[in-house]
């Protein structure tokens, strides 16, 4: 089993305007707390997060960045489906 403490995460947040925000971090709880406190990305400062939709662990930053690039290219509905499909595959 991979060491989750050393993982990088791709996360998906639903914002108050209904949009999804995707990002990467190696400290998921702290990063979401920063977004919620208005100290995260510029986008989430203007469009506060409503909830964390989910996250997926990756072994390193490069892999997480590639996944972030891929999910940001998807239409809104496909983003959540992509995340849920990957979570279901690991269960």
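The numbers here are math on the coordinates, done by the rules we state, and not lab data. Everything numeric in this text was worked out from a predicted model, so none of it was measured. Neighbour counts are summed over all protein chains in view; Cβ atoms, including those assigned to glycine, are modelled from backbone coordinates with ideal geometry.
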For this session: Using R₀ = 35 Å, calculate the FRET efficiency as 1/(1 + (r/R₀)^6) where r is the Cβ-Cβ separation of residue 73 and residue 37; round to 0.05.
Result: 0.75
Problem set entry | Angle in degrees between helix 61-72 and the longest Cα principal axis of the chain, rounded to the nearest 10 | 50 degrees
Exercise. Hey, rough spin-label estimate for residue 60 and residue 30, points 7 angstrom out along Cα→Cβ, what's it come to in nanometres?
Worked result: 2.2 nm
Problem set entry | Overall dimensions of the chain as given by Cα atoms, namely Rg and Dmax in Å | 12.6, 38
Exercise. Expressed as a rounded percentage, what relative contact order does the chain have, with Cα pairs under 8 Å and six or more residues apart?
Worked result: 33 percent
